[in-house]
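The values are calculated or read from the model by the stated rules, or taken from the named source; none is laboratory data. Note that the structure is predicted; figures quoted are calculated from it, not measured. Methodologically, a virtual Cβ is constructed for each residue, glycine included, from the backbone with ideal geometry; neighbour enumeration extends over all protein chains shown.
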Amino acid sequence: MKRILVISVLTCFLLAEATVAQRPSEVRQAAERIAGEILVGVNSMDYLRNLAEGFGGRLSDSAAQFRAAGLKNVHLELGRSEQTVEKKTTGNQTASYEGVSFTYNSSLASEIKAETIPEAPLDKEDDKPDEVAPEHTAFTLIGPYASRYESSFFSPPEIHIYPIAGYKEALAVSKDDVKALEEKISTLKTILSERPTSSEKEIPFLPEIDAAQVLRARLKYIDFKNGKGIMFLSQYNTEPALINNQGLAYIFQGLTSDGLYYISASFPVSAPILPKDSGATSFEDYKLPDDFYQDYESNEKSYGAYATKIARKLEALPPGKYEPDLTLFEELIRSLYVKPQS
């Protein structure tokens, strides 16, 4: 399970033993520490400063009291509070957590959840490395955009910052899997160096997914503040399916300039020319076989030709015709900065 690094609002306020009128500075300082440590967004400090000035010295463990004071999304769990601030502003916002920062358009998120994901190591040498990952920093986009894509293969929209050394440690029980990771990183480096405009082979993706990458379109190379990577439209299939808006995502895979971190981001998107979901069985002149595996080689070849045709259509579609506009994600990635952790 994911571990959200938060500081308990309830606990911090219980530490104030007198009323605000008696000890206002301590309450305000506690609020500012909370704001600096657990909230992401430009308005978070102002919210909690105002909150500190209006409360008495003690609060019960009722989330309703916090909401009544202006904190719209407070959840209390056994003395622990997951807290975010609902923003009313428009334009660009800034997220910053554990040395990682970026700006994003408010249409992409009304909230950002920042967290440290605990290590999920490979237990046995012959286990599949699916979802294996080191302890790392992650950001989740929350709001109307994410809600519209709850059924997407890549829901929710996320950004993961993986320490490469930690990834190797998480796979350490299997030399083959460590080697495969190194090859994946080497392949990504080659792609970023040569910058091809199309790719017949899979573009590396972390974490490992037990599914086939059936689409690679609109390859775009992005330099961020201390690294570079590639963005591309893709779809992963666990079973044969048409390329559709339930599976389509705009993906970023990149590396920091110092070679210490691997950045993986996935943002579900939709295109007006594609079927709504994976239930579709035909598109224009292509029909998905009833039994794809009966004549697998022939069906795979036909599907490949169909996927290539779709890729060309998607590349011809202006970025603003996608939902959301693809340039919003590109701008987010360009603003990314990953500070090395000591």
Criterion violated by Ile161 - all others in (1) out of contact with any helix residue (DSSP H, G or I) (no Cβ under 9 Å at 6 or more places or on another chain); (2) more than 23 Å from Gln246 (Cβ to Cβ); (3) part of a loop (DSSP other than H, G, I, E, B) satisfied:
(3)
Within segment 183-199, can you find the residues that are touching a helix residue (DSSP H, G or I) at 6+ places or on another chain (Cβ under 9 Å) and loosely packed, with under 14 Cβ neighbours inside 10 Å?
Ser198
Determine which member of the set Ala146, Ala180 is closer than 30 Å to Glu300 by Cα, assigned to a helix (DSSP H, G or I) and out of contact with any Asp or Glu (no Cβ under 8 Å at 6 or more places or on another chain).
Ala180
Pairs with Cβ under 8 Å, 6+ apart, first in segment 170-182 and aliphatic (A, V, I, L, M), second in a helix (DSSP H, G or I):
Leu171/Asp177; Leu171/Val178; Leu171/Leu181; Ala172/Val178; Val178/Lys168; Leu181/Tyr167; Leu181/Lys168
Being within 20 Å of Phe153 (Cβ to Cβ) and hydroxyl-bearing (Ser, Thr, Tyr) narrows Tyr296, Tyr286, Tyr261, Tyr306 down to just Tyr306
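Report whether or not Ala212 is surrounded by fewer than 22 Cβ atoms within 10 Å (Cβ to Cβ), more than 22 Å from Glu119 (Cα to Cα) and not β-branched (Val, Ile, Thr).
On the way: surrounded by fewer than 22 Cβ atoms within 10 Å (Cβ to Cβ): yes; more than 22 Å from Glu119 (Cα to Cα): yes; not β-branched (Val, Ile, Thr): yes.
Taking the combined requirement at face value, the residue satisfies it.
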Filtered residue count, segment 149-168, keeping only those that are touching a residue at least 40 places away in the same chain (Cβ under 8 Å) and more than 10 Å from the chain's Cα centre (by Cα):
10
On the basis of being within 16 Å of Phe232 (Cα to Cα) and either not in a loop (DSSP other than H, G, I, E, B) or not assigned by TED's automatic domain parsing to the domain that holds Phe329 (or both), does Ile203 make the cut?
no
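Yes/no per residue for (1) modelled with pLDDT of 95 or more; (2) surrounded by fewer than 20 Cβ atoms within 10 Å (Cβ to Cβ); (3) not hydrophobic (A, V, I, L, M, F, W, C):
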| site | (1), (2), (3) |
| --- | --- |
| Ile251 | yes, no, no |
| Gly254 | yes, no, yes |
| Tyr261 | yes, no, yes |
| Gly279 | no, yes, yes |
| Leu288 | yes, yes, no |
| Glu315 | yes, yes, yes |
| Thr327 | yes, yes, yes |
Residues that are under 17 Å from Lys309 (Cα atoms) and out of contact with any His (no Cβ under 8 Å at 6 or more places or on another chain): which strands (runs of 3 or more DSSP E) entirely in segment 224-296 hold 2 or more of them?
227-237
